[in-house]
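Each remark here refers to the structure printed beneath this line.
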Amino acid sequence: MLTDITLGQYFPGTSFLHRMDPRMKISLLFVWIVGIFVFDMPKAYGVFTAATVLLAIISRVPLLTLAKSIKPLWMILVFTLLIHMCGTPGEALFHISVFEFTKEGFMQGFVICLRLALLIFLSSLLTFTTSPLELTDAMESLLSPLKCIGVPAHELAMMMSIALRFVPTLIEETDKIMKAQQSRGVNFESGNVIKRLSSLVPILVPLFISAFRRADELAMAMEARCYRGGEGRTRMKELKVRALDYGACACTVVLMAALVVMKVEGI
Amino acid sequence: MSIEIKNISYTYMPKTAFEHQALKNVSFTLNEGEVTAIAGHTGSGKSTIVQHLNGLLHPTDGQVLVDGTDLASKGDEAVKARQLVGLVFQYPEHQLFEETVAKDVGFGPKNLGVSEEETEKRVREALEFVDLDYDVFKDVSPFQLSGGQKRRVAIAGVLALKPKYLVLDEPTAGLDPRGREELLSRVCELHKKKKVTLIFVSHKMEDVARIADRLIVMNHGELVIDAPPRKAFLEEAAIKEAGLDIPVTVRLLTELKEKGFSVDTDAFTIDETAKRIARAIKERGRR
Ligand SMILES: Nc1ncnc2c1ncn2[C@@H]1O[C@H](COP(=O)(O)OP(=O)(O)O)[C@@H](O)[C@H]1O
Ligand SMILES: [Mg+2]
């Protein structure tokens with residue numbers, strides 16, 4: 001039922017990618033994404049595809065699970081491919097009524113789809129190997145230079161981590177309340193729209209009440225432990241850039257440098 | 001007539017990284033008229049079993065039959081069978097939502113299509129049964145009540161469905177000793193007067209010993225003991241293994257017996273225990 005939804009898609013593990021500093025992961029992901037769009041030689045695509053597959057294998061995330069991450073964008077990819085196929089002049093492959101599908105179009109569409117797919121896979125790898133809490137920590141750390149222009153980095157990150165922390169709790173709670181009301185004869189599955197909407201009231205009211213109660217309790221507990229915002233706070237798990245992060249960084253630099261040379265030399 | 005649990009297994013979130021088998025091949029029968037207690041430490045699968053009894057969860061494997069009808073089957077018969085079983089969740093007060101106590105208690109009967117008059121009658125009866133005066137409480141908002149009162153309103157909400165089998169998941173959790181005592185005696189009365197078959201989940205072995213005819217002990221999703229409490233407490237090792245305690249009285253008497261006093265160990269009230277100890281001391285003096 002509801003609890004079948006897992007939050008984000010974190011896949012616990014101890015691989016190289018799991019152990020990397022989340023800030024480094026986010027920064028390198030950014031570099032890679034830029035790379036994928038800048039280097040448009042066929043060889044570069046080969047390199048990026050191979051690298052992505054390699055990373056996926058290293059991460060130990062089941063390939064099928066990873067492949068599923070493309071599901072929400074599947075239609076867009078197919079659509080992109082079709083538009084390119086019939087929008088590009090060239091040698092015709094086949095016709096459907098007035099539309100002509102060309103080989104050149106297919107090649108171009110394929111390249112664009114490959115780019116998009118690589119993008120999705122790489123970002124999914126980040127969320128598969130980084131817990132939501134690590135992500136918010138990294139966000140806070142990366143945003144902290146902006147504090148001087150008034151971006152409340154700590155507060156944003158704290159809000160995000162509290163929200164993330166409570167999503168599973170609220171899902172669980174919803175599941176429980178739904179079951180409790182089902183035991184009292186509510187039927188969520190049949191009836192017309194109005195009936196179904198009104199059957200939401202017995203769920204939403206208790207859910208809101210419990211959310212407010214929890215928020216209240218949490219605020220109280222935080223104050224009782226002297227929480228006063230981010231000023232001067234230390235953390236239990238300090239983010240640390242370690243040898244393996246520098247290693248990953250060095251690999252990326254070498255790879256990008258090689259690609260720049262290839263592009264300039266026109267290889 | 002009975003609820004038959006036949007070889008059920010249940011897995012939460014199958015085929016994901018969080019797959020968890022909460023029940024492993026559990027079988028037992030709950031007979032009409034009995035009071036059955038289900039005990040086990042946190043996470044042993046008690047709530048999971050309980051949710052199978054009225055078809056909120058369907059077993060991954062196996063069958064649940066209520067008066068002979070498989071709850072997982074399609075059709076009206078299964079729906080009817082589910083309605084025979086009333087389930088009170090753990091912390092049931094969290095499910096209250098109506099503006100007034102009477103409306104909240106009447107919510108269940110209304111869903112079942114019971115007439116206004118009959119609903120009012122049932123609400124009155126259910127509230128009186130949990131010791132809340134209908135005329136005083138009917139127009140009060142449930143959110144103004146104390147914790148114990150809220151819980152009683154929530155239980156009344158299930159009683160108003162007139163279930164043949166009443167299942168309570170840790171009904172006394174979080175109540176003070178007095179509230180616990182009152183709730184238990186209410187529930188017992190329900191069994192005696194209305195002939196409702198009771199199934200309740202509890203950690204408190206004292207409570208189990210006092211009111212249950214039968215004790216089912218769960219450990220890591222498996223059924224380890226299914227026996228009358230008196231017999232079950234003899235299997236001390238298995239009970240300890242399941243993370244539960246033997247009632248204090250039984251422990252005391254067992255230790256005395258080990259020290260050479262001739263006492264029977266199956267006393268569950270303080271009075272009875274005291275009497276037995278006195279008798280044993282006298283007997284020893286005579287010898
Ligand atoms: N909705 C759920 N999703 C996933 N796992 C669950 C869910 N509910 C319970 N579990 C797991 O199933 C096991 C049994 O839970 P439960 O039946 O609630 O135990 P008990 O009521 O005996 O404390 C626990 O390990 C728990 O973590
Ligand atoms: Mg439970």
* To do: Evaluate the distance, in nm, between pseudo-label points positioned 7 Å from the Cα of residue B:281 and of residue B:139 along their respective Cα→Cβ axes.
  => 6.0
* Selection of trypsin sites (Lys or Arg not before Pro), region A:214-256, meeting DSSP coil and at most 16 other Cβ within 10 Å -> A:225, A:228, A:233, A:235, A:237, A:240, A:242
* Would you kindly derive the ³J(HN,Hα) couplings of region A:162-176 from the backbone phi angles with the Karplus curve 6.51 cos²θ - 1.76 cosθ + 1.60 (θ = phi - 60°), listing them in order in whole Hz, with x for Gly and Pro? => 5, 4, 4, 4, 8, 4, x, 4, 5, 4, 4, 4, 4, 4, 5
* Structure fact -> Rounded to a whole number, the mean other protein chain Cβ count within 10 angstrom for residues of B:13-25 is 2
* Structure fact -> Expected sort for A:74, A:32 with the fewest Cβ neighbours (10 Å cutoff) up front is A:74, A:32
* Asked: What are the ³J(HN,Hα) values, in whole Hz, obtained from phi via the Karplus relation 6.51 cos²θ - 1.76 cosθ + 1.60 with θ = phi - 60°, for each residue of region B:198-211 in sequence order, with x given for Gly and Pro?
  -> 10, 10, 9, 9, 7, 8, 7, 5, 4, 5, 4, 4, 6, 10
* Structure fact -> Classified through the alpha carbon gyration tensor (a ≥ b ≥ c as square roots of its eigenvalues; rounded if a/c is under 1.5, else prolate when a/b is larger than b/c, else oblate), the protein assembly as shown comes out prolate
* Asked: How would you rank B:248, B:208, going from fewest to most other Cβ atoms within 10 Å of each one's own Cβ?
  -> B:248, B:208
* Average other protein chain Cβ within 10 Å of Cβ, residues A:168-181 -> 3
* To do: Please arrange B:258, B:99 by counting, for each residue, the other beta carbons lying within 10 Å of its beta carbon, fewest first.
  => B:258, B:99
* **Loop-resident sites, region B:217-268, for trypsin sites (Lys or Arg not before Pro), counting at most 16 other Cβ within 10 Å (DSSP)** => B:259
* 5 angstrom amide H check on residue B:90, placed H, neighbours 5+ away -> B:169
* To do: Quick one: which residues, 5 or more positions from residue B:2 or on another chain, have an amide H under 5 Å from its amide H? H modelled 1.01 Å from N in the peptide plane, none for Pro or chain starts.
  => B:67, B:68
* To do: Return the long-range amide H neighbours of residue B:224 (sequence gap of 5 or more, or a different chain), with a cut-off of under 5 Å between placed amide H atoms.
  => B:217, B:218, B:219
* Work out the mean other chain Cβ neighbour count within 10 Å for the residues of A:204-213 and drop it here as an integer. => 2
* **Under DSSP loop assignment and at most 14 Cβ neighbours within 10 Å, longest GluC sites (Glu not before Pro)-free interval of chain A** => A:92-188
* So which trypsin sites (Lys or Arg not before Pro) in region B:1-67 pass both tests, a DSSP loop state and at most 15 other Cβ atoms within 10 Å of the Cβ? -> B:15
* Which net charge results when you count Lys and Arg as +1 and Asp and Glu as -1 among the other residues whose beta-carbon is under 11 Å from that of residue B:31? -> -3
* Asked: What's the FRET efficiency of residue B:121 with residue B:178 using the Cβ-Cβ distance as r and R₀ = 35 Å, to the nearest 0.05?
  -> 0.70
* To do: Just report the Cα centroid separation between region A:241-267 and region B:205-275, whole Å.
  => 69
* Asked: Quick one: Cα centre-to-centre distance for region B:160-204 and region A:67-128, in angstrom?
  -> 62
* Structure fact -> For region B:212-225, Karplus-derived ³J(HN,Hα) couplings (6.51, -1.76, 1.60; θ = phi - 60°; whole Hz; x for glycine and proline) come out as 8, 8, 8, 10, 10, 10, 10, 9, 6, x, 10, 7, 9, 9
* Taking the Cβ of residue B:1 as the centre, find all other residues whose Cβ is under 11 Å away and add up their charges (Lys, Arg: +1; Asp, Glu: -1). => -2
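We did not get these values from a lab; they are worked out from the coordinates using the rules stated. Please read all numbers here as calculations on a predicted model, not as lab measurements. Using ideal geometry, Cβ is built from the backbone for each residue, glycine included, and neighbour counts are taken over all protein chains shown.
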